[in-house]
Amino acid sequence: MRKSLFLAALGLGVAGGMGMGTGRTALAQEPAHQHMSGMPAAADAGPAPLYKNLGTLHSKISTKTPAAQQYFDQGLRLTWGFNHEEAIASYTEATRRDSTCAMCWWGIAFARGPNINAPMDTAAVKPAWAALQKARANAAGATPRERDMIAALARRYSPDPAAPRPPLDSAFARAMGQVAKKYPRDPEAQVVYADAIMNLSPWNYYADRGKTPRPQTGELVATLERTIERYPNHPGACHLYIHAVEASTNPGRAVPCANRLARTMPGAGHLVHMPSHIYMRVGRYDLVAAHNHDAVGQDEGYLQDRKPTGFYKYTYYPHNYHMMYAGLIFLGRGGDAVETARKLVSVVPAEVTKQVPPLEYFFPTPYWAMARFERWDELLAEPAPAAHQRYTGGMWRYARGLALAAKGKMDEAKVEHDSVVAIAREVSKEQPAGINSAKVLLQLAEQHLAGRLAAAQGDTARAIAAYEAAMKIEDELTYDEPPAWYHPIRLELGAVKLGQGKAGAAEKLYREDLEHWPNNGWALHGLARSLRAQKKNGEAAKVEAQFRKEWRRADVKLAGR
């Protein structure tokens, strides 16, 4: 991990240690499936070591070989830590120790399937099917529960790589529902069932900005809550529960899970990171930065030791920086946010985005960080991105437009706006940026920049119309964490309303923003100004005190936005 004043300044370690290596010690919506294909093939991780810092999760299986049990448990821990490549290596080692262990083969087959962050690669179909057949062939020596788990998994797969996934995923979820009902006190049956439900509509569990659960979300949440009540330290249950409720209007119910998850598997970087999904939604941006700082340390140790080349390296590891950057923006720490954004794009080679277009989502973050903190000269000195990165190029043009408008160079800013419009038209709606559409995000950028240009020219009516159009797009984005758009449009519209003398309307917008992003200093500042404008001085004083608390480590002073 790079040593810097920023990392030292965090000073809020939550995990300790340096990675998952055996010699280390430590504490501890559009469905995503449509977009995360094309990842560079993972290299064989080689024989799996037994790690010392992945917690104590244990699920007794039918084997007379202690080492097979150990490797199965480790595979299960890694599965729930979403390190599927490494989980497969552990399950495979378990089968080497006991080739008749049905559940060890089950583990390989299960880990090769889809998960909420990635579809099942067609290249995984053959080895998954082969492992499943091995599990079935050895099922005579398994317990009834294990045979039921294997039979349910058989509903998930077909030997045909072209077989459509939705019917198979639905059949698996139904089968696991029966297994979970038959074994209500078995935590793995419950968590595998919850995972199966989530894979029916990954990252799409609520509508209306979290107000309306999707049809199966109630069953998902209830299953996980029952499991957590009985097994509060189950890392898989807590991990999935965070994902199941983070987009809801009540993410705070997962705070107890968030508070203990990193300690359940302290060497798993992704689980050290995961609490930040809830801390972001409940306004603990300091903990967002701290957990992701520590997750970077864990993952860099793992990358150094095992040198993975697939999904984990190019998604989960940079995702730590992405979340840290977002938390730092909410804390008002501009210098650290820009540094973190630059580090983010440095760990994902631009060439990889040719194979995996969704990863281009990371690349505008330095422009966004500079724009958010009005570092206009630095932004204008930024070179153009790689030619094949059209989405990133559009966001570069957008950010330059903001900078030029702020400097009063309206003609040049208009040229940049026109470029954004042209690129937004050119980009296909199917091109992903994370789990949202690159085209839709460019359209949002186009409207935001149009609003800034209109406001700079004193055309308030046109500015409001553009911001309202941008806000509508923002509200309809598929939930993502960190948020798909870096700058809540309600803040922008609130500032314009306040400038019009419509302090009540501005107050409403700032309060709406705080509902979704509690303790957000940007919104608190605007809310306090709107309250002062309405002579609500007592309430304003309380909000100002809260703002000072949240902004205590910020390096920027706020004016109108």
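Each value in this text was obtained by applying a stated rule to the coordinates, not by laboratory testing. These numbers were taken from a predicted model, which means no experiment stands behind them. Note: ideal-geometry Cβ built from the backbone for every residue, glycine included; neighbour counts use all protein chains shown.
Brief remarks follow.
- Among Val421, Val440, Val338, a tally of other beta-carbon atoms within 10 Å of each Cβ gives an order, fewest to most, of Val421, Val440, Val338.
- Chain lengthening between Asp459 and Arg548 when straightened (0.36 nm per residue, less Cα-Cα): 28.8 nm
- Partners for Lys126 among lysines (Cα-Cα distance below 29 Å; same-chain residues under 8 apart left out): Lys60, Lys64, Lys134, Lys307, Lys313, Lys354
- Charge tally in the Cβ shell below 10 Å around Leu442, where Lys, Arg are +1 and Asp, Glu are -1, Leu442 excluded: +2
- Theoretical ellipticity at 222 nm over the chain - DSSP helices of four or more residues, -39500 (n - 2.57) apiece, nearest 500: -18500 deg cm²/dmol
- For segment 381-459, the alpha-carbon coordinates run over 36, 26, 18 Å along the three principal axes, in decreasing order.
- Rounded D (µm²/s) - segment 193-318, Kirkwood Rh over Cα pairs, Stokes-Einstein at 25 °C, 0.890 mPa s: 162
- When each of the peptides 83-90, 518-525 is scored by the mean number of other C-beta atoms lying within 10 Å of its residues, the order from highest to lowest reads 83-90, 518-525.
- Proximity of backbone amide H atoms, modeled 1.01 Å from N, is registered between Ala433 and Ala438 at under 5 Å, excluding neighbours fewer than 5 places apart on the same chain.
- Around Arg390: net Lys/Arg minus Asp/Glu count, Cβ-Cβ under 12 Å: +2
- Those residues of segment 372-403 whose amide nitrogen sits under 20 Å from the label point placed on Glu412, 7 Å along Cα→Cβ: 372-385, 393-403
- If the chain linking Leu50 and Ala533 were pulled fully straight, counting 0.36 nm for each residue of separation and taking away their Cα-Cα distance, it would gain 167.6 nm.
- Counting all C-alpha pairs of segment 354-487, share separated by more than 19 Å (%): 46
- Counted residue by residue at 0.36 nm each, then reduced by the alpha carbon distance between them, the extension gain from Asn259 to Val352 reaches 30.0 nm.
- The count of lysine pairs in segment 480-561 with alpha-carbon distances below 19 Å, taking only pairs 8 or more places apart or on different chains, stands at 10.
- Here the Karplus relation 6.51 cos²θ - 1.76 cosθ + 1.60, evaluated at θ = phi - 60°, turns the backbone of segment 117-128 into coupling constants of 9, 7, x, 7, 5, 4, 5, 8, 5, 4, x, 5 Hz, with x for every Gly and Pro.
- Shape class for segment 482-561: oblate, because the ratio a/c of the largest to smallest gyration tensor axis (alpha-carbon atoms, square roots of eigenvalues) is 1.5 or more and b/c is at least a/b.
- Whole-angstrom gap from segment 390-430 to segment 285-301, using each part's C-alpha centre: 33
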